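Notes for the one structure printed next.
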Amino acid sequence: MRPTTISTWVCVATMAISSGHARSIDHERADAQALDLAKQAIALRSVRGPGNQAPRVAALFKSALVAGGFKDDDVSITAVDDTAFLVARWRGSDPKLKPLVISGHMDVVEARPADWERDPFTPVIENGLLYGRGASDMKLDDALAVAALIELKRAGYKPRRDLVLALSGDEETLMKTTQILAQQLSNAEMVLNVDGTGGQLDADGKPQYFTWSGAEKTYADFQLTTTSPGGHSSRPYEPNAINQLAAALVRIEQYKFQPELSELTRAYFMAAARYERPEIATAMQAFAADPTDSRAIAVLRADPTTIGKIGTTCVVTTINGGHALNALPQRATANINCRIFPGHSRAQIMEQLQRAVGDPAVQFKDVSEGSVATDASPIRPEVVGAITKAIHLGYPAVPVFPTMSAGASDSMWFRNEHIPSYGVSPLFIKDSDRFSHGLNERIPVGDIPPSMSYLLSLFADLSK
Ligand SMILES: [Zn+2]
């Protein structure tokens with residue numbers, strides 16, 4: 001029996017008993033089902049395009065949920081283009097309460113078998129690691145959530161609010177299914193997104209800390225264009241489209257956005273400082289105390305791992321211009337990619353860039369696709385308490401603190417509907433094993449038992 005068993009059992013069983021259906025949690029059964037479902041899901045190539053097997057992943061999870069006691073009518077699969085999304089509803093006893101949504105995605109990033117050491121779509125366990133595309137992002141998380149819901153049902157747990165499992169089918173690409181889900185579920189109390197963030201293992205595999213995410217930066221692309229009449233290169237004159245664009249890019253490079261601190265990033269800096277080298281740690285603490293501290297700002301700006309946490313960043317990523325070696329350019333374009341600090345719209349940031357450039361001849365166009373600006377979700381004490389308690393079941397005394405994600409997840413579309421959304425993946429991993437979206441993606445199978453305890457506790461605590 002694992003040390004986590006009793007406390008989880010008590011938390012869940014107490015509620016089960018109160019409704020007269022006490023049965024103990026069977027951790028071994030739930031853990032085994034999660035691993036089995038994860039392996040079956042990894043074997044399905046749920047990649048955008050012809051032959052996308054995301055609908056089969058949805059069918060796999062639906063059949064497990066129905067076999068586990070969900071009514072067939074309460075688990076729907078909706079086809080959208082080459083993919084599908086799944087909604088499983090477990091009705092709560094109090095219809096006045098708003099639903100708790102558990103969110104995840106069933107699709108994965110493309111993986112070319114020729115580049116991998118093992119076939120990406122054949123799950124393999126070696127040296128305690130489960131290998132395969134989607135192992136860490138995020139088929140094991142999905143499988144854990146499905147198996148946890150089934151286990152809660154089996155144990156006789158009765159939620160007060162509806163528990164809704166919402167699995168999208170194109171999070172890695174278009175996010176069309178997520179947008180539909182967010183609209184359909186816009187009356188939710190909150191979203192627990194079991195994708196992203198999670199726990200940190202040190203090089204020896206010892207748990208260091210756990211982070212959950214309450215905000216993410218907004219992705220934006222701005223296209224800059226300059227034009228000039230052109231002509232023969234033997235007779236140069238100004239304006240020259242490339243020179244104009246180059247001057248604009250230099251001004252953007254020199255422009256610094258106002259550093260910012262939020263409730264969430266302050267909590268992050270205070271807690272994360274202890275895991276950093278002394279110079280960064282001191283700067284993090286100083287910045288958390290005073291976001292105008294110029295020495296701290298200089299240190300955090302100079303480090304690529306921290307610059308994105310202290311404000312909006314914009315950088316040129318592509319450039320194009322001219323049409324012949326012996327002609328004056330008629331047109332030049334560049335793409336400026338921005339990661340916007342929560343609380344600002346894309347239009348606001350584009351305006352700031354235009355002012356920094358200060359040249360009306362440089363045309364700006366927002367060419368961002370598939371992203372919306374979102375505010376941070378509030379730090380709700382009952383959420384923090386439930387996450388911390390659930391993590392400590394498997395990892396006693398490990399520090400738990402919030403963070404802001406650099407990239408977009410399904411949470412973006414839920415936050416766009418004003419639903420508080422939290423990134424809460426339970427998985428712990430070493431830096432040297434982090435290969436989401438990359439080659440030889442993997443996850444420790446030893447994560448399964450503590451992750452299961454965590455999800456059972458978290459789902460029950462926030463739906464009771
Ligand atoms: Zn993901």
Checklist entry - If you rank Arg45, Arg133 by fewest surrounding Cβ atoms within 10 Å, what's the result? => result Arg45, Arg133
Checklist entry - Using the alpha-carbon atoms, what tilt in degrees (0 to 90, nearest 10) does helix 381-394 show relative to the longest principal axis of the chain? => result 70 degrees
Checklist outcome for this item: The answer for the net charge of residues other than Lys430 whose Cβ lies under 14 angstrom from its Cβ, with Lys and Arg +1 and Asp and Glu -1, is -3
Next on the checklist: For q values of 0.21 Å⁻¹, compute log₁₀ I(q)/I(0) with the Debye formula on a Cα-only model of the stretch 261-382, without solvent.
Outcome noted: -1.22
Next on the checklist: Using square roots of five times the C-alpha gyration tensor eigenvalues, list the equivalent-ellipsoid semi-axes of the stretch 115-239 in whole Å, biggest first.
Outcome noted: 44, 25, 16
Next on the checklist: Using a Debye calculation, one point per C-alpha and no hydration shell, please list log10 I(q)/I(0) for the chain at q = 0.05 Å⁻¹ in order.
Outcome noted: -0.21
Checklist entry - In percent, what relative contact order does the stretch 278-400 have, based on Cα pairs under 8 Å that are 6 or more apart in sequence? => result 14 percent
Checklist entry - Which whole-number percent of Cα pairs in the stretch 151-307 have a distance greater than 18 Å? => result 77 percent
Item to check | Whole-angstrom Cα spans of the stretch 220-262 along principal axes, big to small | outcome: 54, 19, 10
Item to check | Mean projected area (nm²) of the alpha-carbon convex hull when the stretch 63-165 is viewed from all directions | outcome: 8.4 nm²
Item to check | Built amide H within the under 5 Å cut-off of Ile429, gap 5+ | outcome: Gly199, Gln200, Leu201
Item to check | Computed over the chain: relative contact order in percent, which uses C-alpha pairs under 8 Å that are six or more apart | outcome: 24 percent
Checklist entry - Looking at the P(r) of the stretch 160-223, how many percent of alpha-carbon pairs lie beyond 16 Å? => result 66 percent
Next on the checklist: Quick check on the exposure proxy: order Arg160, Arg274 from fewest to most C-beta atoms within 10 angstrom.
Outcome noted: Arg274, Arg160
Checklist outcome for this item: In vacuo Debye sum over C-alpha of the stretch 315-436, base-10 log of normalised intensity I(q)/I(0) at q = 0.20 Å⁻¹, listed in q order, is -1.22
Checklist entry - What is the stretch 374-445 by shape, rounded, prolate or oblate, if you read a ≥ b ≥ c off the alpha carbon gyration tensor as root eigenvalues and call it rounded for a/c under 1.5, prolate for a/b larger than b/c, and oblate otherwise? => result oblate
Checklist outcome for this item: Ranked from fewest to most other Cβ atoms within 10 Å of their own Cβ, Lys98, Lys464 fall in the order Lys98, Lys464
Next on the checklist: Defining a contact as two alpha carbons under 8 Å apart and six or more residues distant in sequence, what relative contact order in percent does the stretch 188-293 show?
Outcome noted: 14 percent
Item to check | Computed over the stretch 421-462, Cα set: Rg, Dmax in Å | outcome: 12.4, 37
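Here, each number is a calculation from the coordinates, and none is a lab measurement. Treat the numbers as computed from the prediction; the structure is a model and nothing was measured. All Cβ positions, even for glycine, are placed from backbone atoms using ideal geometry, and neighbour counts span all protein chains on display.
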